[in-house]
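Okay, structure first, notes after.
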Amino acid sequence: MAVVTADAMTNAPHTRGKSKMAARDLDLFYGDAQALFNVDLDVMEREVTALIGPSGCGKSTFLRCLNRMNDTIDGVTISGKVTLDDRDIYDKIIDVVQLRARIGMVFQKPNPFPKSIFDNVAYGPRIHGLVNSRDELDEIVMTSLEKAGLLKEVKDRLASPATGLSGGQQQRLCIARAVAVSPEVILMDEPCSALDPIATAKVEELIDELRSNYTIVIVTHSMQQAARVSQRTAFFHLGKLVEVGETDQIFTNPRDERTKGYITGRFG
Amino acid sequence: MSLTFLLLAVALLCALSFVFGRQRAIALSGGRFSNLHSLPVHYGTYTALWCGLPALALLIVWYALQGPVTNALVISDLPVEITSDPGQLSLAMNAISLIAADHGQHLDVAPEVVEAGNRLAILHTISNTALIVVLLCVALTGLSLSYRKIVADMRARNNVERIVRYLMIGCSAIAILSTVGIVFSLLFEALHFFSKVNPLEFLFGLEWSPQTAIRADQVASDGSFGMIPLFAGTLLITLIAMLVAVPIGLFSAIYMGEYASPMFRAWAKPALEILAGVPTVVYGFFAALTVAPFLRDTGATLGLSVSSESALAAGLVMGVMIIPFVSSLSDDVMSQVPQSLRDGSYGLGATKSETIRHVIFPAALPGIVGAILLAVSRAIGETMIVVMAAGLAANLTANPLQAVTTVTVQIVTLLVGDQEFDSAKTLSAFALGLVLFLVTLGLNVFALKFVQKYREKYD
């Protein structure tokens, strides 16, 4: 049984870091249709974990469980446990608003707000009251843009609308916007699927830099991307976690036939 | 021969030509429709259109020209003493058409006129008979010409589509030309008015009392035509209406769109839109018979003097009328804000109300402003409620408890009187109408531009 294999692997001692987030026995239903089966997965601190698998395999759904974005969809029921620093994030005492401030998210399509570049980045700090003065806010916006590698390109036009940026710049702005709240974990749902190869390369570079400060989970359709940016890779198939392990091992020596089939392009 | 008969005949010929055209196409195809360029039905339609449309065009032109032509023929035979005087001529023409229609037995008129009447009747008979012959000829010619043109590779489909396109152009032309016609009739009557009353006095005068003498020997005021009190009244009522409609409409739209469960929304939204289906006259008597007395009595207990026809009553009810307008339009624009923006905001840890206030509302703002402007132009043009509830007194006041009057109310009262039609009083209605038209047109154009300009940005 594949699930058992995956289970065994996640629990295997890991050489790097410690587990930042963990899913245990996670089942998810859209109404009556089950989309995730019994998923057990650990996300290691300050590493990039890539989730790969064919379309509809549940990797995005799983990602959205990690910051409770599925709460906004009607008819979703979840059982099992997801923890952040060993605390169950589905516990009633957890405030989802604060949770999402700790676990940021970057979406498939760049979605800057129809505001100025500055206001986009300042959005999170403002609603969470992270700053007491305009100077502090300026400071946060500048460092976030710097971290997202966007500051040089936009510093002369912070007041102009964010929707005027190119697709790649918009996506990096969205990353800056997520970083501005100082999250511990950043979830990325196919962040490069709407970008051209040059913009993709920039975002990948950025992900690699962010790894030193943040724990990152990225869903991707590109296996090259997973191989390039991630340290650990998890392969989903039909709602089940088939295999998870070191990225090198998954791509060079997969244990499951299905993983092998997928990464060599035989199905999916 | 009546028009109905002619139309039926043309319709019958069309049906026949459809069958003929289709049959010929089928015969040409030799049993395989793929041998034809188009489907048999296109060949049928093609012949039917060529049979019917020229005939219909002829019919319209004939009826448009028949009256003037026959009248001109009759007038040319009348003695000069009648034709030289326009008044006499118009009387004679009335008598002539009565005689021609066989209703003139009791008229006491000159023998020349009786003779002319009889002649007109004969001319009409000739014209009608000629029409039938010509019409049938045209229809049959159209039928046979188009029938002969049918060959296997004739592009009937494209031809039919081209004809249909011209028909559609014709329909839009009718819609546009009617608008132009209405505007010009307003414009000419208004210019007529401005030749009697100084435009500056009309635009900036502070007093409105259009009572002028009906006959030259009557003693009456000259009338003053300053439209400021009317526009002030209109704006006051519109303002009250918007104060009611904008917050209620907007908040209900936000609740319906963002918070309400699908179940609740499914019945609450149509229920709200029923408000839009209530006839304005019903709102009118609701305002006049329920709201206005209620306000007057409430005012009395509070020690305020509220006139029984107050701007407040009319404005409140008009506001209720406009609620669905504001709410469904702004609901539409807010639901068009992409889900990805909501996700982005939730993903940063924003609550629902923060997301609405900081992301959805600003993104939808242009559309909402457009909706409000459209609602304003609706309120300005609204007539029935204010006729029944606002009153006729042209007070220049900002006090909503007093009676005011509006542009639309004055237009109604000016035109239901029995004034002669070219008096300044009656003509002022056209000038008011023109100004009202320009204001609402300006608002609508501005609203649409505003919405368009910003819509592209957020899609």
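The values are calculated or read from the model by the stated rules, or taken from the named source; none is laboratory data. This structure is a prediction, so every number in the text was calculated from the model and none was measured. Virtual Cβ from ideal backbone geometry, glycine too; neighbours counted across all protein chains shown. For the accessible areas, the whole protein counts, side chains as well, though only heavy atoms, and no ligand, DNA or RNA atoms are used. Shrake-Rupley method; radii C 1.70, N 1.55, O 1.52, S 1.80 Å.
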Legend entry - DSSP H segments from chain B that extend 18 Å or more along their own axis, Cα-based, with Kyte-Doolittle mean of -0.5 or above: B:3-29, B:40-77, B:86-100, B:111-149, B:156-196, B:228-254, B:262-277, B:311-335, B:361-381, B:424-458
Legend entry - Nonlocal amide H pairs with A:V242, under 5 Å, H built at 1.01 Å: A:F235, A:F236, A:H237
Legend entry - Separation in nanometres of the label points that stand 7 Å from Cα toward Cβ, at B:L401 and B:H37: 8.0 nm
Inset, instruction - Could you tell me the distance between the Cα centroids of the stretch A:61-110 and the stretch B:57-93, to the nearest Å? - result: 86 Å
Inset, instruction - Name the residue farthest towards the positive end of the dipole of chain B from the options B:G391, B:V180, B:G233, assuming +1 on Cβ of Lys and Arg, -1 on Cβ of Asp and Glu, about the Cα centre. - result: B:V180
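Counting other Cβ atoms within 10 Å, which trypsin sites (Lys or Arg not before Pro) in the stretch B:1-73 have at most 12 and lie in a DSSP loop?
Passing sites in the stretch B:1-73 are B:R32.
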Inset, instruction - Would you mind computing, in nm to one decimal, how far apart the modelled labels at B:K449 and A:R24 are, each placed 7 Å from Cα along Cα→Cβ? - result: 6.5 nm
Legend entry - Sites matching chymotrypsin sites (Phe, Trp or Tyr not before Pro) across the stretch B:397-453 that sit in DSSP coil, with at most 13 neighbouring C-beta atoms within 10 Å: B:F421
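Starting from the stretch B:104-189, pick out the trypsin sites (Lys or Arg not before Pro) whose DSSP state is loop and whose Cβ has at most 14 other Cβ atoms within 10 Å. Before the final figure, lay out each step's value.
Numbers: sites: B:R119, B:R148, B:K149, B:R155, B:R157, B:R162, B:R165; in loops: B:R155.
Filter output for the stretch B:104-189: B:R155.
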Inset, instruction - Could you give the size of the charge dipole of the stretch A:119-175 about its Cα centre, using +1 on the Cβ of each K and R and -1 on the Cβ of each D and E, expressed in debye and rounded to the nearest 20? - result: 180 debye
Legend entry - Cut-off under 5 Å, modelled amide H: who pairs with A:Q34 long-range: none
Inset, instruction - Express in Å², to the nearest 10, the accessible area of B:H192 obtained by rolling a 1.4 Å probe over the protein heavy atoms while all chains stay in place. - result: 80 Å²
Legend entry - Three-way shape call for the protein assembly as shown based on the alpha-carbon gyration tensor, with the a/c threshold at 1.5: oblate
Legend entry - Calculated FRET efficiency for the pair A:D156/A:D248, C-beta based, R₀ 51 Å, to 0.05: 0.75
Legend entry - 222 nm mean residue ellipticity, helices alone, for the protein assembly as shown (DSSP H n ≥ 4; -39,500 (n - 2.57); rounded to 500): -20000 deg cm²/dmol
Legend entry - For chain B: relative contact order, % (alpha-carbon pairs under 8 angstrom, 6 or more apart): 16 percent
Legend entry - B:R265 versus B:M168: modelled label distance in nm, points set 7 Å from Cα along the beta carbon direction: 3.3 nm
Legend entry - Placed amide H near A:M44: partners under 5 Å, 5+ positions off or other chain: A:K20
Legend entry - FRET efficiency estimate (nearest 0.05) - Cβ-Cβ, B:I60 to B:N118, R0 30 angstrom: 0.60
